[in-house]
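> Structure below; questions to follow.
Any read-out appearing in this document is the output of simple, stated calculations on the displayed coordinates, not a laboratory observation. Here the structure is a predicted model, which means the values were calculated and not measured. A quick note on method: Cβ atoms are made from the backbone with ideal geometry, for glycine too, and the neighbour counts reach across all protein chains shown.
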C-alpha cells in the first residue's frame, strides 16, 4: 500500500511543502516571463525584418539637420542626433530644476498660509489649491502659454532700463561676457562658499555649547556675495555685458528666456506647488499642538515657533511625499511637447521622426527618466535620513 | 461562467483584429472596411464637417479607394495621425493606406520601406508673413522668428535654407498646424513656414488676410502623395491605379455626373477600358469590372475633387497651377490605361 | 443669621459685563481674523486687492457682457466671452465622433455607472450585496454598449472622442488596474524573491517614466511587439499602457493599506488555519482595500486628469475637441472660452471626487479610533 502510493504521496508532499511550492512558483514565473520576452523579441525581429528596418544606436552619430531654439550647449543643424538629444535632456533638467525650486517655495508658503488665522488669505489659498489640483496640468500649461503670447508684441516690448526687454517672445536680458581676470572672481566665489560653510559649523557648535545664537545665514550670504564682489571690483570689473539690441525682427544678443519655458515653469510650479502645500499642511498639522503651546510658553514668537519648532518636526512627515512630487514634476515636464518647449521628449520625437528609429528613441526616453527618478529618490532618501538623525 | 466567457470572447473579437496577412486586398475585403490614415486636421486636406465627418482632398482619395475595392465609399475607417505616428502606423498594418499630405522623399521610399504610389499634389515649402514687416523676399529674413511644424521635412528644409543663405533665425517649433497659426497670429513668430498649399489654407482663416503675404520663394519640392507598405505589389497597384483613374477621368472628361451613363459604353475605347465595358482591367487588379466607375462616382474625377476641397470656389482658393493636367500646362499626368 | 451675613449675597458680586467690543460681532471677527497683526493686515489688504482686480472683470467677461447665441463668432459682438458655440458643439464635446443615432448608448452606459458605483462607494445602502454583482458585470455591459455586438451596431473606437473618451480611458484604466495593482502589491510584500523583485521592477519602471512616453510607446511601438498578423486598435493600446501605468500607482496605494493592517490580523488568520490566498481574500484584503479607497479615488482623479494627454497621439479627447473647434474658421480664436469650459468640466468632476475621498478619509479616521 505504502509502496504503491509513494509517488503520489511524494507529489503531495512537494505541493504541501511551502518552500518547494514557492520554488516551483518562482521558476514558473521566470519561465513565463522569459517566454513572454522571447515572443516579443521574436515578433519585433520578424516585424523589423519584414520592413527592412535595423536596430541600433548608430544613428546618434548622424547629422540631425534640424535646428533647436533653446539650447544650453552649442548646437547647430549640422550637429548629430546624439547632441540634439543631449540638448533636450539639458532643457528637461533646466525646467525641472527651476520648477522644483519654485514649487517648493510656493508649496511651503501656501501650506503655511492656508493654516493662517487670516480668513481671507487662507480662503484664497484654498481656492488656488483646489483649482490647480483639479484641472489637468496639460490644460494649465496651454493656458499659461496662451496668456504669455498675449504679452506685448516685439515692437511694443516693455523695456527695463533699456537693457532687458519683455515681449511675447520672452524676456531678453544682457548676457555676461567673461574677460580675463574673471577666474579670480570664480575663486572668490569658491572661497566664499567654503568660508560660509565653516562659519555655519562654528556657529552651530558655539550655539550648542554656549546657547548664543550667531547670524550664520547672513554672514554666509555676505561671504558668498560680498567676497566675489570685492574681488570683482579689485580686478577692474572683468565682465562685459552683451546688451540686446533691436534688429528688424527681434532683439539680438544677450540671452533669451522663451515664453515656452516660462509657461511650462509657471504651470508646473503652481500645479506641483498646490500638491506640496497639501503635504506641508498635513505635515504641520501632524505636529502635536502641545509643541506650539510649549513654544509659546517659553516665550517664542510665532514665526520663530514655526521655523524652529514646527517645521523641523513636520519635515520628517513632509519629505517622503515631497520626493514623489518632485518626481511627478520632472515627469510632467515632458508635457512641454504640447507648447513646443524642446525638452527630451519633444526633441526625441523629432529625432524619431527624422531617423525612423522608434525603439531606440523610446528606450532612451525610458532610460533617462528612470535614471532621473532613481537619482532623485536616492538623493531624497539620503536627505531624509539626515533629517531623521536630528531626532533624539 | 459560460456566459462570462462568451462576453469576453465577443469583446476580444470586437477590439482586436486578427488578420491573416495574405495580402492587404484580402484583409480589406474580409474586414469590409478600408483603414485610411489622414491628418489630424488640415483645412482642405482633412477636416471635419459640422456633423463630425472627416472630409477633404486626402479623405476623398480614401473614399475612392474604398469605393473601388469594396464598392462603397463610406466604408472607410479614418485614422487621424500626427506626423510622428503616420509611418509606424502604416508599417505596423494599423492602416492600409496613408493619405496624409506626405512628401515623397528618397529615404522614406527606400529606407523606411514604403511605396509611394504617385503624386496627388505638387507642393513646395514657402513662407507667410505680415506685409507690415516691409520685406518682399524670404532672403531678407535674417534674424527672424519662424514658426514651424515639428517632425516634418519642412523643418529640415528650413534649416538648409537659412544655412545656405548665411542667415540666422529662431525656430519656434509647434506640434500642429492649428497651434502654429495661433502662434503666428499672436506674433510669437514673424513668419510661418509650411507647404504652400497649407499657407494658402491657413491664410484663408485669417480675419485680415490682406495684411499677410506669401513670399515668392518656394524653398523645396514637396510632391505629396498616398503611400502603402513595401512588398505588397498588388495592393500598391490598386492604390496607384485608383489615383491614375481619377486623373485619367479628368483628362477624358468622365465626371461624377456622367460616369454612370458612360459606364454602359461609349465611342471612346479608352473610356470603355477604364470603366470596364471593354477589356478586363478590373480583373487584372483583382477587383470588379466597375472598380473605376465606383471610384469616380465616390467623389468625381481628380479635377472635381480638387475644386471641391481646394479650388478657387472654396475658402482656400487655390489655383490649379502646377497641379493642372499636363494638357493645360501642369504636371498632373497619368499613364494610359490599356 | 450669622451664616447669612457671612455669605455674600448675589448682589454683592460684580455685575456681569459684556465682553470687550473688539472681540465680538462683525468688527471683532474682522479684527481677530483679518487685522490681528501688522503682517496680517498687509496680507489682508493684498488679498482684497487681488480679489478686486480678478473677480469683477472675470465675472463680467464670463457672464455680464458675454454672448450666448449665434451661428459663428461674428455673432458675438460684445466685449465678453462668446459662448455661442456651446449650443452647436456640445455634442462633439461630449461624444466626439460617435454616430449621432447611437449616442443613447453612451448615455445609458454613463447612467448605469451610477447604480454600479453606489454599492461600492456606500456600503449602507439596501441591497448592496446584490448590487455588487452588477458592479462586477458593469465593465462588460459598458464595453458592449460602447463598441457594439449582441445586436448593437458596431462602433469602431476611432469614433470615440470628447468627454466620453476621457471617461472610457480613465474608467477602463482604473477598473483593470485594480486587480493588477492588488497582485503587484501582494507581490511586493511576498517572501519569494523572484516575485518580489519582478513586482518592484514593474512598479518602479512604470512609476518612473512619464505617461506621455508610454502613450508614444502605445502608438508607435506596441504594434511592433505584436505578432505580424495581429493588429489592435489605438484606443485599446492606450488603455493597455494606461492600465499598466496606473497599476503601478495602485499597487503602492494598496501596499499602504496592507501595511496598515495590524500583524495580529495575519496571525489570527493563520491560527484559524487559513492558507495564504484564503487569508488574503477573506481577512486581509477586505480591510486593506477599505482603507485604501481614498487613495484609489485619488489615483483615479490623477489618471482622469492624465487622460488629456492622449492628445499627443492624435486622439480627440475633450481638450483636443476644444482645440480643434478653436481652429474652425467659424469659431476661430475662442481658445479662452474653450479652455475655460474644459477646465470647468474637469474641475467639477475631480473636485467632487476629491471631496468624496476626503469625506471618506475623515470617516475612516473616526471609525478606527
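> With the crude spin-label approximation of a point 7 Å out along Cα→Cβ, what separation in nm comes out for residue A:119 versus residue B:111?
Each label point is offset 7 Å from its Cα along the Cβ direction, giving 6.9 nm.
> What is the order of B:36, B:62, fewest Cβ neighbours within 10 Å to most?
B:36, B:62
> Round to the nearest 0.05 the FRET efficiency obtained for residue A:371 and residue C:136 when R0 = 25 Å and r is the Cβ-Cβ distance.
So the FRET efficiency works out to roughly 0.05.
> Let me ask you something else. Sorting C:209, A:361, C:141, A:121 on the 10 Å Cβ count, fewest up front, what's the list?
Taking fewest neighbouring Cβ atoms as first place, the list is C:141, A:121, C:209, A:361.
> Relative contact order (percent) for chain B, with alpha-carbon contacts under 8 angstrom and 6 or more residues of separation?
With pairs under 8 Å counted, the relative contact order is 21 percent.
> Label-point separation (nm) for residue C:58 and residue C:129, each offset 7 Å from Cα along Cα-to-Cβ?
In this crude label model, residue C:58 to residue C:129 measures out at 5.0 nm.
> Determine the relative contact order of region B:125-220: mean sequence separation of Cα pairs under 8 Å and six or more apart, normalised by residue count, in whole percent.
The value is 50 percent.
> Oh, and also: Could you order the peptides B:70-83, B:314-327 from most to least packed, using the average number of other C-beta atoms within 10 Å per residue?
Per-residue Cβ counts within 10 Å, averaged per peptide and sorted highest first, yield B:70-83, B:314-327.
> While we're looking at this one, here's another question. Of C:323, B:136, how do they rank once you tally other Cβ atoms within 10 Å and put the fewest first?
Exposure proxy ranking, most exposed first: B:136, C:323.
> Just to be sure I understand: of the beta bridges DSSP finds with both ends in chain B, what percent are antiparallel, rounded to 5?
Roughly 55 percent of the DSSP beta bridges within chain B come out antiparallel.
> For the modelled label position 7 Å from the Cα of residue A:217 along Cα-to-Cβ, which residues of region C:33-71 have backbone nitrogen atoms closer than 14 Å?
No residues fall inside that zone.
> Another question, then. If the elastic network links every pair of Cα atoms under 10 Å, which of C:42, C:175, C:301 fluctuates the most in the Gaussian network model of chain C?
Looking only at C:42, C:175, C:301, the biggest GNM fluctuation is shown by C:42.
> If the elastic network links every pair of Cα atoms under 10 Å, which of C:25, C:173, C:47 fluctuates the most in the Gaussian network model of chain C?
C:25
> Can you give the mean number of other chain Cβ atoms that lie within 10 Å of the Cβ atoms in peptide A:365-372?
For this peptide, the per-residue mean of nearby foreign Cβ atoms is 4.
> Helix-derived [θ] at 222 nm for the protein assembly as shown: sum -39500 (n - 2.57) over DSSP H runs of at least 4, divide by residue count, nearest 500?
The helix contribution divided over the protein assembly as shown gives -19000 deg cm²/dmol.
> Which residue, A:337, A:31, A:127, tops the fluctuation ranking in a GNM of chain A built on C-alpha contacts under 10 Å?
A:31
> Now for a different question. Mind checking the full-extension length gain between residue B:133 and residue B:218? Use 0.36 nm per residue of separation minus the Cα-Cα distance, one decimal, nm.
28.7 nm
> For peptide C:313-323, compute the average count of partner chain beta-carbon atoms within 10 Å of each residue's beta-carbon.
Average neighbour count from other chains, rounded to a whole number: 5.
> In degrees from 0 to 90, rounded to the nearest 10, what is the angle of the helix B:153-164 Cα long axis to the longest principal axis of chain B?
30 degrees
> Which residues in region C:294-319 have a backbone N closer than 17 Å to a point placed 7 Å from the Cα of residue C:121 along the Cα-to-Cβ line?
Under 17 Å, as judged by backbone N against the label point of residue C:121, lie C:294-305 of region C:294-319.
> While we're on this one: How high is the FRET efficiency between residue A:175 and residue C:351 when r is their beta carbon distance and R₀ equals 56 Å, given to the nearest 0.05?
E(calc), rounded to 0.05, equals 0.80.
> Now for a separate question. Along Cα→Cβ, 7 Å out, is where each label goes; now give me the distance between the ones at residue A:198 and residue B:207 in nm to one decimal.
About 6.6 nm separates the two model spin labels.
> Next up: What is the mean number of Cβ atoms from other protein chains located within 10 Å of the Cβ atom of each residue in peptide B:52-61, rounded to a whole number?
That average works out to 2.
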